[in-house]
1. What does the charge add up to near ILE121, with Lys and Arg as +1, Asp and Glu as -1, over the other residues with Cβ less than 9 Å from its Cβ?
2. Return the distance in nm (one decimal) between the two label points of a simple spin-label model at TYR70 and GLN273, each offset 7 Å from Cα along Cα→Cβ.
3. Subtract the Cα-Cα distance of ARG235 and ALA133 from 0.36 nm times their separation in residues, and report this length gain in nm to one decimal.
4. Set the bar at 28 Å for Cα to Cα. Now go through LYS69/LYS134; LYS90/LYS156; LYS69/LYS156; LYS90/LYS152; LYS156/LYS233; LYS69/LYS233 and name every pair that lies beyond it.
5. For region 131-215, what class follows from the C-alpha gyration tensor (a ≥ b ≥ c being the square roots of its eigenvalues): rounded when a/c is under 1.5, otherwise prolate if a/b is larger than b/c, else oblate?
6. Calculate, for LYS251 and LYS152, the FRET efficiency according to 1/(1 + (r/R0)^6) with r their C-beta to C-beta distance and R0 30 Å; round to the nearest 0.05.
7. Using the per-residue mean of other Cβ atoms lying within 10 Å as a proxy for protection, in what order, highest first, do the peptides 126-136, 202-212 fall?
8. Over all distinct alpha-carbon pairs, what is the Kirkwood Rh of region 208-285 in angstrom?
Amino acid sequence: MVSSRWRLYLLFAFISFQSLTCCDPVPTSNPGPRPSESLSRPHSGTGTATIEPVKSTETAKPPNPDDNKYFHEPGGDDLLHHYDIRFFQKIVTDEERQDTLRHLIRAYLLTFEYLGLETWIAHGTLLAWYWNAKILPWDWDLDTQVTDEGLKVLGKNYNQTFYDYDQGNGTPPRRYFLDVNSWAWQRDHGDGANIIDARFISVENGLFIDITGLSEVNPDTEPGVIMCKNDHKYRLRDMFPLRDTHFEGVKAKVPYSYVPILIEEYTELALVQTEFHDHRWDPDMRQWFRIPETQKPVEDTAQIRKRSLP
Ligand SMILES: *[C@@H]1O[C@H](CO)[C@@H](O)[C@H](O)[C@H]1NC(C)=O
């Protein structure tokens with residue numbers, strides 16, 4: 001049993017390595033339910049994966065509000081809703097989470113640049129950039145945005161493709177899965193189950209970047225206003241032209257008027273308050289550090305994590 005799994009795994013790894021080196025986009029050609037089916041095989045050999053993603057979608061026969069939901073997480077609570085169910089194995093440690101997210105956003109930005117697709121960082125990730133262009137050490141997921149045109153290109157040409165990212169330091173390449181929601185073409189809030197248009201997911205542990213498209217939903221009544229499906233609105237002139245910058249050491253773009261955008265979403269306090277989520281800003285090091293247990297942390301007042309995304 002184990003050895004045949006290993007053979008499958010090696011075969012799979014070989015095939016994917018052949019086709020995926022250098023970030024080449026590889027549209028999956030098998031018409032099976034999900035590529036995760038083949039991916040779950042290597043994982044099942046580790047003995048830690050307890051989720052059978054393919055089964056759970058197939059047996060979801062009784063009507064339930066989640067039926068229309070495209071992306072699924074292993075649970076709805078704070079600990080579990082940051083993982084894509086197909087790649088979730090276990091709740092990761094703080095170190096693994098930060099390491100994953102750092103490389104996730106690097107790989108994402110490099111991949112989009114390689115593909116020639118415009119994207120920029122948003123929400124909590126934009127706030128993280130504002131402070132020191134690094135992920136916030138307490139964050140669980142990342143957010144980026146694309147235009148609705150960009151979203152179409154993603155859905156048509158790059159849906160369900162894998163990318164390998166090599167740090168170039170001898171460690172094994174990390175693999176990512178880009179998946180575009182079937183409901184990405186529908187541009188209104190709908191029942192709220194599909195407000196995330198696409199995800200860039202770490203195949204290793206299921207942590208992801210939420211990608212949302214912005215479109216001018218009401219050109220007649222709200223011209224020049226673009227919004228995502230979760231009703232975050234932006235003025236076109238605040239957004240464009242995007243600014244070139246860096247995030248986690250790679251090229252990145254941010255909205256032109258990022259200050260009003262951040263203030264609107266998180267209040268002024270988020271740009272000045274130096275204690276959040278048991279971390280304190282060190283102005284000399286330009287970095288957030290965990291407050292030692294012996295010092296009493298102050299209460300959070302700006303609601304950094306109170307995003308309305310699920
Ligand atoms: C992406 O591929 C999946 C699997 O084939 C499909 O269910 C989904 O609708 C696709 N997304 C788009 C935007 O076509």
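Throughout, read-outs are computed from the coordinates displayed, never taken from laboratory work. Note that the structure is predicted; figures quoted are calculated from it, not measured. Note: ideal-geometry Cβ built from the backbone for every residue, glycine included; neighbour counts use all protein chains shown.
1. 0
2. 3.4 nm
3. On the way: separation 102, 0.36 × 102 = 36.72 nm, distance 2.36 nm.
Contour length minus Cα-Cα distance gives 34.4 nm.
4. Values: LYS69/LYS134 31 Å; LYS90/LYS156 32 Å; LYS69/LYS156 20 Å; LYS90/LYS152 33 Å; LYS156/LYS233 25 Å; LYS69/LYS233 23 Å.
The answer is LYS69/LYS134; LYS90/LYS156; LYS90/LYS152.
5. On the way: a/c = 2.14, a/b = 1.51, b/c = 1.42.
Note, shape of region 131-215 comes out prolate.
6. Values: r = 23 Å, r/R0 = 0.78.
About 0.80, to the nearest 0.05.
7. Numbers: 126-136: 19.8, 202-212: 23.3.
The peptides rank, most packed first, as 202-212, 126-136.
8. Working: mean 1/r = 0.0675 Å⁻¹.
Evaluated over region 208-285, this radius sits at 14.8 Å.
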